[in-house]
Amino acid sequence: PLEKKEIKDKYSKVSEKDKSDKSVDKKSTEDKTSKINTRGQTETSTDSKVTDKKQLKEDTKDKNVLSKSNKTITDKDKTPPPDNLNAKPDKIPENSAETPEENQSDTSKEEEAAPSIFDEVLERVKNNDPELTELNLNNSDCINIETLMSFTEALEFNTVVKVFALANTRADDHIALAIAAMLRTNKTITSINLDSNHVTGKGILAIFRSLQHNNTLTELRFHNQRHICGGKTEMEIAKMLKENLTLLKLGYHFELAGPRMTVTNLLSRNMDKQRQKRLQEQKQAQEGTDKKNCLEVPKVGGMQKNS
């Protein structure tokens, strides 16, 4: 019986300890939850205070804007009406900025008033100046299509200029067609340079068609065009050159091998014919000089008749 009592006392002590520990844990959890709730309440209170401050600031701004607008309205109402409806406006200050339309009109007037760089040369071409045998317009940035057209039209009736160079002048098919029309009537130009321009195959073929009616042009250059001629134009160039006998130099790199060979053969043919013609002219000149230097011997029959 004593052992049983001791065991019961031990179990009772253990159960009391467990109960006390559980009560302590409950108190600690309750304290933690109470602290969290107090923190949440404080945070909500601070947020509400911040929102209240923002609303007050916005209200003050709205009041200030309304007061300013009311002041401007009252100021407008206070301004007296104009006395004269036909009153002239105030003078614009001299340093005020002009409108873009006025600036454009001023620049166009200045361009019209300023003499062109090429006017003097164009007049010399029109007047057949004997000293102007070469018209060189290469690499001129300030030249336009209209001035190039006027130069080609003036060369149509010129009998002095032999070289017409307009490389890198942004010449297009319009200029090429004008050159073709000029070559039909002009019989003095021997060289034309159209390198580094915007001429297409259409303009180049027009120039080669005009060579069928021209016997003075010996050199034609149209390297490095913006638009590639193509195989068809090269074949047509080779066909057209068969009827021309005066062209000796052609400044162009053919892409196709067939037209390249035919054109080189035709140019060598023209070179041979020009050489033969030159030799015949030299022989005729020598025969003429020999006849002048020789003494004429009277015939025997003529002397007997006179006697």
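Observations, loosely collected:
- Any hit, segment 176-199, residues being over 23 Å from T246 (Cβ atoms), out of contact with any Phe, Trp or Tyr (no Cβ under 8 Å at 6 or more places or on another chain) and of a type in the set (K, R): no
- For H223: the one exception among (1) within 26 Å of the chain's Cα centre (by Cα); (2) open to solvent by 10 Å² or more (accessible area, probe 1.4 Å); (3) farther than 25 Å from K242 by Cβ; (4) not charged (D, E, K, R): (3)
- Residue within segment 187-199 that is open to solvent by 10 Å² or more (accessible area, probe 1.4 Å), among the basic types (K, R) and modelled with pLDDT under 95 present: yes
- Residue match in segment 167-180 (condition: open to solvent by 50 Å² or more (accessible area, probe 1.4 Å), without any contact (Cβ under 8 Å) to a residue 60 or more places away in the chain and in contact with a Gly (Cβ under 9 Å, 6 or more places away or on another chain)): yes
- Condition check for T169: of a type outside the set (A, V, I, L, M, F, W, C) and within 31 Å of the chain's Cα centre (by Cα): yes
The values are calculated or read from the model by the stated rules, or taken from the named source; none is laboratory data. Keep in mind it's a predicted model, so treat the numbers as computed, not measured. Glycine also receives a Cβ, built like all others from the backbone with ideal geometry; neighbour counts cover every protein chain displayed. Note: accessible area is taken over every heavy atom of the protein model, side chains too, but ligands, DNA and RNA are not part of it. Shrake-Rupley method; radii C 1.70, N 1.55, O 1.52, S 1.80 Å.
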